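Have a look at the structure below before the remarks.
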Amino acid sequence: MIPSLILLLALPFILAVAVAAFSRSSRSTAAWLAAAAPLAGLAILATLTPAVLEGEVLRSSGQWLPQIGLDFTLRLDGLAWMFAGMVLGIGALVVLYAHYYLSPQDKAHRFFCYLLLFMGAMLGMVLSGNLLLLMIFWELTSISSFLLIGFWSHRQDAREGARMALVITGGGGLALLGGVLLIGRIVGSFDLDVVLAAGDQIRASALYPYALFLVLAGIFTKSAQFPFHFWLPQAMAAPTPVSAYLHSATMVKAGVFLLARLHPALAGTDLFFYTVSGIGALTLLIGAWNAIFQHDLKGLLAYSTISHLGLITMLFGLSKPMAVVAGVFHILNHATFKASLFMAAGIIDHETGTRDMRKLGGLRRLMPFTSALAIIASLAMAGIPLLNGFLSKEMLFAEALDAGGPALMQMAMSIAALLAGVFGVAYSLRFVHDTFFGKGPHDLDRVPHEPPRWMKVPVEILVVICVAVGIAPALTIAPVLHAGAASILGAQMPEYSLSIWHGFNLPLAMSAAGVLGGIALYFGLRRLIDLYAVRNTTPGRDAFHRQLDLLSALANRLTAAIANGSLQRMLLGLVVVAVVAGAAPWLAAPSWPNWPSPQPMPLLGWALWAVMMACAMATLRMYKQRLLAVLLVGGVGLMVAMTFVFLSAPDLALTQLLVEMVTLVLMLLGMNYLPAQSVTERSTLRKYRDAGIALVAGVGLAALAYTAMTLPPNTMAGEMLARSLPEAYGSNVVNVILVDFRGFDTFGEITVFGIAALVVHAMLRRSRMAPEQIMPGPPIKLPVPADLAQIMFPLTLTVSIFMFLRGHNSPGGGFIAGLILAVPLLIQYVIQGTASVESRFGFDYVRCIGIGLLIAVASGSASMLFGVPFLTSGHLDLHLPVIGDVPLASAIGFDTGVYLVVFGGAMLMLSMMGTIKPSRTRTARRGEIDPQKRSALTGEMH
């Protein structure tokens with residue numbers, strides 16, 4: 001059971017990597033790989049279905065960060081099973097539809113990779129059995145949806161829609177995190193089973209109102225509830241397969257899923273009742289009313305989605321058992337008819353070249369089959385009998401009439417439900433009438449016709465489901481609905497029956513009134529006003545852009561005042577802030593450490609210290625001669641490395657030495673774009689100021705370092721020495737700390753290092769030097785033959801691999817080995833130039849970073865399959881013929897990732913420094929660079 005849940009979650013991510021890896025394969029191959037994830041996931045889900053339908057809750061749990069309560073717990077109950085089925089089922093149909101929808105110019109591999117990433121994020125969210133784990137996948141849905149909405153990045157509306165969605169849902173995610181942390185504080189655990197069982201404890205807590213509002217902020221932003229609803233129509237700039245997926249079964253359903261998931265823990269108070277049902281009713285009416293006046297097919301469907309999400313929210317807010325059942329039922333119904341309608345709108349756009357209803361009309365003659373499918377789905381959305389939307393709409397009317405609470409509240413809910421029925425019929429009628437009937441189409445640049453056969457298949461399947469559920473709900477949807485609702489309500493699960501006829505009653509009368517009222521409203525509006533002339537405005541969107549402009553203006557002013565391009569000023573601020581932050585605790589409670597008596601310094605130690613101080617002082621004296629200053633700084637680094645050797649720290653010495661070599665090359669490459677000499681500062685006061693700040697910072701750091709080095713041995717260091725070999729199977733404690741004891745920190749560090757390298761790549765790949773900054777020739781001529789540098793590479797590769805393999809038990813490891821491998825290439829870059837080395841070596845450093853991070857994640861996650869925390873080491877002794885016994889620790893996999901990321905990141909940054917090209921716009925001025933020349937951007941001296 002445990003492997004099934006893990007594989008179910010892992011499949012989309014694995015196949016997303018496969019699609020990205022086979023980026024040069026055909027579009028059909030990418031589509032097949034993408035379709036394999038949901039299809040295989042459905043097969044796995046089918047094997048788990050009997051147990052779920054019997055009421056079992058399937059779990060898979062492994063420790064991740066138990067210190068903060070974060071466990072990698074997967075939990076499959078009826079609600080998670082229902083949502084996973086929607087995510088996978090509609091996901092498979094969207095993949096098929098997208099294969100025919102995307103144009104040859106669209107990058108299909110990138111699209112399917114993003115889609116699978118989003119699918120995996122949604123699955124992770126619905127399967128999470130830990131609230132902190134749910135938060136991780138919640139944020140991943142925001143990031144992946146941002147990539148999908150902005151897929152057509154050449155379009156401004158796509159970029160703006162993606163940014164708006166990310167800002168709104170990301171802000172809601174921060175609020176949700178605060179709510180989750182408060183719930184964890186109240187309950188004492190983030191485990192979902194514990195939280196759901198502690199509903200009375202949560203509601204009785206003084207922190208309950210704050211936790212509720214923070215959680216609801218996350219839910220309302222994600223599910224586009226008022227006043228955050230304006231981002232959803234802007235997301236229509238995404239490709240239609242994205243719209244069909246995000247707004248039917250996934251993204252916007254994430255909010256109502258969480259509302260349903262936490263319903264047992266948060267519902268049952270007046271605060272919950274009035275807030276959730278009130279916001280839901282308001283969103284229901286706002287979305288439905290605005291949908292009537294949209295001219296774009298997807299715009300109309302977007303506002304109708306807002307309305308239906310408000311309907312579901314209102315039902316859950318009522319908190320009655322049958323209202324919850326109705327809410328779950330409408331989640332299922334809305335997913336089917338809304339996905340089919342979006343796909344139909346995409347087909348119309350694909351075959352006519354427009355989604356503007358003012359240009360459409362009469363398509364039933366030109367596209368009869370597509371028209372029939374879209375009309376049926378529209379009638380389901382309107383709640384017409386014998387279709388699935390009618391059944392859940394009847395439940396809405398019944399629950400609104402019996403809402404509970406004061407009579408005024410009950411009346412308000414009933415009126416809101418009736419108006420929603422009227423508006424729903426009106427906008428559905430406009431969708432059908434203005435698209436498929438009447439005169440037209442006109443002003444099109446192509447003759448509309450039916451789409452390819454397989455492009456209609458997903459719409460056909462969904463429409464058949466709408467009809468089947470509407471005619472025989474007890475045979476089709478009842479088990480799914482019962483499983484989903486029972487996992488929320490538990491013992492409160494009510495008795496109910498699904499049938500298309502419940503006799504003549506008030507909900508039926510309200511339904512009839514809604515249909516008649518909707519018809520009258522639509523044709524009345526057509527007679528009274530010109531619907532086509534209505535200009536739609538979005539106050540929320542306009543307010544968002546105004547706030548964003550104000551924030552950007554404030555950021556620009558702060559940037560101009562603080563980071564105006566002067567490196568000296570930015571370094572000054574950095575050091576001053578560090579000094580203040582470090583000194584503040586000591587100034588608040590001054591106390592001197594109990595330093596032991598220092599050990600006697602041998603003569604060699606004094607010699608190293610003297611050389612180091614001489615190099616440091618010489619650097620201060622000769623800083624204007626940049627090449628000489630760089631060499632002197634390298635001398636300081638070399639003495640630091642020798643000091644580590646003197647103190648019996650070979651790993652640190654190797655790391656320091658290699659970092660000095662790489663840094664030296666980086667500086668030499670950077671000097672290619674700088675004058676040979678620095679200008680002299682004119683202010684004596686500034687010199688004394690900088691000297692004072694540097695002295696305070698240096699003394700403080702020296703005091704901290706001396707305190708750390710003179711701690712008694714019975715501290716953390718002694719603990720790590722004692723546990724390194726028996727628990728992590730390594731005698732090199734430094735390497736064990738990096739890949740085991742503090743492996744998660746190391747993973748964060750290599751991630752940051754990789755991101756920094758990618759940022760350098762992004763900033764410099766199109767950089768151009770101003771003509772006055774172009775050096776007349778190579779700044780440095782080294783008397784080293786080029787052939788010697790090439791001969792060094794295989795030798796250095798051998799040394800690198802040797803240092804890597806021995807790192808767990810002797811000085812070495814992935815970080816050191818990665819730098820060793822980079823050194824000969826860096827030397828070739830300096831001697832032969834970037835173009836020459838790149839033409840022969842041709843290594844993809846960006847891909848190297850990505851593969852390294854993936855290996856690190858995979859090797860760290862493998863331990864969780866055995867129920868132990870992330871990056872826990874395992875050990876295996878292999879007996880090989882001839883070679884003998886070979887001890888293997890699983891940490892070598894993580895160290896491999898470190899190796900690749902360090903090598904790829906260092907090489908990417910340094911290779912980019914050698915590829916900055918001259919400006920294309922002006923002719924470079926030959927000759928020496930004037931050191932007094934000022935930058936037009938910063939005004940600083942070069």
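The values are calculated or read from the model by the stated rules, or taken from the named source; none is laboratory data. Model, not experiment: these values are computed from the prediction. Reconstructed Cβ throughout: ideal geometry from the backbone, glycine too, with neighbour counts over all protein chains shown.
Here residue 498 meets each of (1) part of a helix (DSSP H, G or I); (2) surrounded by 16 or more Cβ atoms within 10 Å (Cβ to Cβ); (3) out of contact with any Lys or Arg (no Cβ under 8 Å at 6 or more places or on another chain) with one exception, condition (1). Only one of the numbered conditions (1) farther than 22 Å from residue 310 by Cα; (2) in a loop (DSSP other than H, G, I, E, B) is violated by residue 200, and that is (2).
Of all residues in region 496-508, those satisfying the criterion of being at pLDDT 80 or above and over 17 Å from residue 477 (Cβ atoms) are 504, 505, 506, 507, 508. Evaluated against (1) in a helix (DSSP H, G or I); (2) within 26 Å of residue 432 (Cα to Cα), residue 248 falls short on exactly one condition, (1). Scanning region 61-88 for residues that are free of Cβ contacts under 8 Å to residues at least 60 places away in the same chain and more than 15 Å from residue 190 (Cα to Cα) yields one hit, 88. For region 223-266, residues that are more than 21 Å from residue 130 (Cβ to Cβ) and either in contact with a strand residue (DSSP E or B) (Cβ under 9 Å, 6 or more places away or on another chain) or of a type outside the set (S, T, N, Q) (or both) total 23.
Restricting region 96-120 to residues that are under 12 Å from residue 240 (Cα atoms) and of a type in the set (A, V, I, L, M), which is surrounded by the most Cβ atoms within 10 Å (Cβ to Cβ)? Result: 98. Within region 525-579, being part of a helix (DSSP H, G or I) and in contact with a Leu (Cβ under 7 Å, 6 or more places away or on another chain) holds for 525, 531. Of the residues making up region 852-877, those that are more than 22 Å from residue 751 (Cβ to Cβ) and of a type in the set (Gly, Ala, Ser) are 867, 874. Say whether the condition of being touching a strand residue (DSSP E or B) at 6+ places or on another chain (Cβ under 7 Å) and under 23 Å from residue 175 (Cβ atoms) is met by at least one residue in region 140-147. For region 140-147, residues touching a strand residue (DSSP E or B) at 6+ places or on another chain (Cβ under 7 Å) and under 23 Å from residue 175 (Cβ atoms): absent.
Does region 336-343 contain at least one residue that is more than 19 Å from residue 395 (Cα to Cα), assigned by TED's automatic domain parsing to the domain that holds residue 487, hydroxyl-bearing (Ser, Thr, Tyr) and touching a Lys or Arg at 6+ places or on another chain (Cβ under 8 Å)? No, that holds for no residue. Taking the criterion of being part of a loop (DSSP other than H, G, I, E, B) and not basic (Lys, Arg), the residues of region 149-163 that qualify are 150, 151, 152, 153, 154. Take the conditions under 17 Å from residue 519 (Cα atoms), within 38 Å of the chain's Cα centre (by Cα) and buried (at least 23 other Cβ atoms within 10 Å of the Cβ) and apply them to residue 423. Does it pass? Against the criterion (under 17 Å from residue 519 (Cα atoms), within 38 Å of the chain's Cα centre (by Cα) and buried (at least 23 other Cβ atoms within 10 Å of the Cβ)), residue 423 qualifies. Note on region 250-302: among residues that are aromatic (Phe, Trp, Tyr) and either over 15 Å from residue 323 (Cβ atoms) or free of Cβ contacts under 8 Å to residues at least 12 places away in the same chain (or both), the one that is surrounded by the most Cβ atoms within 10 Å (Cβ to Cβ) is 257.
If I ask for residues that are within 41 Å of the chain's Cα centre (by Cα) and surrounded by 13 or more Cβ atoms within 10 Å (Cβ to Cβ), which ones from region 432-451 would you list? Residues satisfying the conditions are 432, 433, 434, 435, 436, 444, 448, 450, 451.
Can you tell which of 389, 362, 383, 317 is of a type outside the set (Val, Ile, Thr) and under 20 Å from residue 437 (Cα atoms)? It is 362. Going through (1) over 21 Å from residue 708 (Cα atoms); (2) surrounded by fewer than 11 Cβ atoms within 10 Å (Cβ to Cβ) one by one, residue 628 falls short only on (2).
Annotation for region 372-395: no member residue is over 24 Å from residue 307 (Cα atoms) and hydroxyl-bearing (Ser, Thr, Tyr). One residue alone among 207, 166, 212 is touching a Phe, Trp or Tyr at 6+ places or on another chain (Cβ under 7 Å), touching a residue at least 12 places away in the same chain (Cβ under 8 Å), surrounded by fewer than 20 Cβ atoms within 10 Å (Cβ to Cβ) and in the same structural domain as residue 71 (by TED's automatic domain parsing), and that residue is 166. Within region 164-197, the set of residues being of a type in the set (D, E, K, R) and not in a helix (DSSP H, G or I) comprises just one member, 191.
Whether a residue is touching a helix residue (DSSP H, G or I) at 6+ places or on another chain (Cβ under 7 Å), modelled with pLDDT under 80 and either at positive phi or outside any helix (DSSP H, G or I) (or both) was assessed, and residue 870 passes this test. Scanning region 321-337 turns up one or more residues that are within 21 Å of residue 518 (Cα to Cα), surrounded by fewer than 24 Cβ atoms within 10 Å (Cβ to Cβ) and either of a type in the set (Gly, Ala, Ser) or touching a residue at least 40 places away in the same chain (Cβ under 8 Å) (or both). Is at least one residue of region 283-304 among the aliphatic types (A, V, I, L, M), over 20 Å from residue 399 (Cβ atoms) and under 26 Å from the mean Cα position of the chain (by Cα)? Within region 283-304 (the criterion being among the aliphatic types (A, V, I, L, M), over 20 Å from residue 399 (Cβ atoms) and under 26 Å from the mean Cα position of the chain (by Cα)), the answer is yes, since at least one residue qualifies.
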